[in-house]
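Notes to accompany the following structure.
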Amino acid sequence: KKTPASRQRHRGCLFDPESESRTTMGQINLKDEHIDPQTERAVLAALSRTEDPPRLYDDLDPSEKLFAAELQAFKDLKGAIEAGEEVPAVPDGWTPAQDPTGAVRDLKALQKRRRAAEVQEILSDGIGGQRPIEGACEEANDALADLQSEFREDNAGTLRYPEDLVPEMVSEAEEARKRVQAGGDALPGIRSGIDDFDEILGGFQEGLTIVGGGPGIGKTTFALQAARHAAEADVPVLYVTYENSPKDLTRKGACSIAGLSPRAVRRGQAPTKKVRKAGKRWQEKTRRLALVKGAADLTTSRIRSKVKRHAARFGADRCLIILDYLQLFAKRSEEFEYLSDQRERVQKAGNRIRAVGMSLGAPVLTIASQSRKGGNYGGDDAQENETGSARLDSLKESGDLEYSADAVAFLTPPISNPDRAERVVEPNRAVDLTVAKNRHGETGRVELVFRQDEG
């Protein structure tokens, strides 16, 4: 056991020269403490000497990130198995693991510790003065969020059987039952604030929810209202806006909870005292809401990074992502410049933003435009000219996006009861919110009123 006198101060950090830790250019290296060459060799020996290497390889499903000491040996073995060639022999001194599955599980645990050690190293550099502490904390936050995301993705691509899945399902059901009995929310997703819609959808759940509609029908108002409601329920929300500036959305949101007209506020026709009070209320209700102005360099990868950072700031295990709106993101982001066809861009953008949500366990709500015919601003169908359409194929430039989305809803003029439009006093408008697709359950329609003058 080392005594305190045997340790040395190393640029602000405690450093034991006889430990496994190493330093490079004054930086501490903790990852080497979480490497087990013997276990790596045992797994490789088991794969090399088994009668059916491809079958054992499929069962174990090892990855390159598990091998730190014998990475090249694993790459050689993996290449031979995937190419259908004879597996290369390993040194005679390597003893095959008696329990290869357990050995791979041990390597996975070590790999996670190495990733956690990277976070610790980043913080150590900041504490020791090798880099600014603010930057170190920010990078450590991102790295930790990445690590948490990897934990969620551990089962991706692996074969899973009922004997494993049923206990998980029952455990989730038990937790849901306890939550309800304790007075918690019965819905699995994040509520939008429109009760009937939430009952149909189950709240915004992991995956992609699209809300489409024509111009001026209230899509942004709906999205901003949902963002506020989620933030009030202590759910972090990242709102990416391409059509409105963050300041415009803030004005719109503050006016919506104070009964003020955004137009009057913008023109200086609203009392300053009321505007100040509305701003304070909005600030209190939306502390967990972050607005991001869309730009050409805002890719899905950068959105993912911002979501992780935002959720980590509040120590939350989920975050609502809102994209306003899909067609503009697909058109303006440099991520999709290589695609010349706008339909392909929209399809790709939708699939990738959904993948971001799935990897983070986060619901994604994206606003989308409708075609001229579907959105009630042109077309040859008499009824649709008056009421709009809630057909899945009415999404503008969407390709087959409606099939990959988990839920699709439309804001339209009244479909269920066209006469209702005449009973709503202007400037308010009667609108229908129709759930046309719901992977998690039923579909249905909710009658709403869009109070345009107050957003």
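Results, tabulated for the structure shown:
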{"read-out": "For the stretch 219-256 versus the stretch 300-329, the gap between their alpha-carbon centres in whole angstrom", "value": "14 Å"}
{"read-out": "Karplus 3J(HN,Hα) series, Hz, for the stretch 266-275 with 6.51 cos²θ - 1.76 cosθ + 1.60 (x for Gly, Pro)", "value": "5, 8, x, 9, 10, x, 4, 4, 5, 5"}
{"read-out": "Estimated vicinal HN-Hα couplings, Hz - the stretch 69-86 in sequence order (Karplus 6.51, -1.76, 1.60; Gly, Pro = x)", "value": "8, 10, 5, 5, 4, 5, 4, 5, 5, 4, x, 5, 5, 6, 8, x, 9, 5"}
{"read-out": "Residue-wise HN-Hα coupling along the stretch 342-357, computed from phi with Karplus coefficients 6.51, -1.76, 1.60 (Hz; x: Gly, Pro)", "value": "5, 5, 5, 4, 5, 4, 5, 4, x, 5, 6, 6, 5, 4, 4, x"}
{"read-out": "Spin-label pair Arg313/Ser63, simplified geometry with 7 Å Cα→Cβ offset, distance in nm", "value": "2.8 nm"}
{"read-out": "Sites Glu33 and Asp234, calculated FRET efficiency, Cβ-Cβ separation with R0 30 Å, nearest 0.05", "value": "0.20"}
{"read-out": "Positive-pole candidate from Ala254, Val265, Ile415, dipole of the chain, charges at beta carbon", "value": "Val265"}
{"read-out": "Amide H contacts of Ala436 (H built 1.01 Å from N, under 5 Å, at least 5 apart or other chain)", "value": "Val408, Ala409, Phe410"}
{"read-out": "Environment charge of Thr221, counting only residues whose C-beta is closer than 10 Å and scoring Lys/Arg +1, Asp/Glu -1", "value": "+2"}
{"read-out": "Helix 300-313 vs. the chain, principal-axis angle (Cα, 0 to 90°, nearest 10)", "value": "90 degrees"}
{"read-out": "Dipole of the stretch 263-361 [Lys/Arg +1, Asp/Glu -1 at C-beta], most positive-end residue of Ala311, Ala296, Gln347", "value": "Ala311"}
{"read-out": "Per-residue SASA entry for Ile210, accessible area with 1.4 Å probe, Å² rounded to 10", "value": "0 Å²"}
{"read-out": "C-alpha long axis of helix 133-152 to longest principal axis of the chain, angle in °", "value": "90 degrees"}
{"read-out": "Candidate values (1) 51, 25, 17; (2) 50, 29, 20; (3) 76, 20, 16, label of the one derived for semi-axes √(5λ) of the Cα gyration tensor in Å", "value": "(2)"}
{"read-out": "Calculated over the stretch 291-345: convex hull of Cα atoms, volume per residue (Å³)", "value": "82 Å³"}
{"read-out": "Extension gain from Arg179 to Val449, taking 0.36 nm per residue of separation minus the Cα-Cα distance", "value": "93.9 nm"}
{"read-out": "Of Lys306/Lys437; Lys219/Lys437; Lys247/Lys274; Lys306/Lys396; Lys252/Lys285; Lys65/Lys293, pairs whose Cα-Cα distance is over 25 Å", "value": "Lys306/Lys437; Lys306/Lys396; Lys65/Lys293"}
{"read-out": "Val449 long-range amide H proximity, modeled H, under 5 Å", "value": "Val431"}
{"read-out": "Cα lying deepest toward the dipole's positive end in the chain, options Phe450, Ala83, Phe336, charges on Cβ", "value": "Phe450"}
{"read-out": "Point-to-point label distance, Arg423-Lys285, nm (Cα→Cβ direction, 7 Å offset)", "value": "2.7 nm"}
{"read-out": "Dimensionless Rg/Rh of the stretch 207-250 - Kirkwood Rh, Rg from C-alpha atoms", "value": "0.96"}
{"read-out": "Projected label distance in nm at Glu172 and Gln269, using a 7 Å step from Cα toward the beta-carbon", "value": "5.1 nm"}
{"read-out": "Estimated dipole of the chain in Debye, rounded to 20 [Cβ of Lys and Arg +1, of Asp and Glu -1, Cα centre]", "value": "3080 debye"}
{"read-out": "For the chain, the longest site-free run once GluC sites (Glu not before Pro) in DSSP loop states with at most 11 other Cβ atoms within 10 Å are removed", "value": "87-336"}
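The values are calculated or read from the model by the stated rules, or taken from the named source; none is laboratory data. Remember, predicted model here, so these are calculated numbers, not experimental data. Here the Cβ is made from the backbone with ideal geometry for all residues, glycine too, and neighbour counts use every protein chain on show. Protein only, heavy atoms only, side chains kept; ligands, DNA and RNA dropped before computing areas. Shrake-Rupley method; radii C 1.70, N 1.55, O 1.52, S 1.80 Å.
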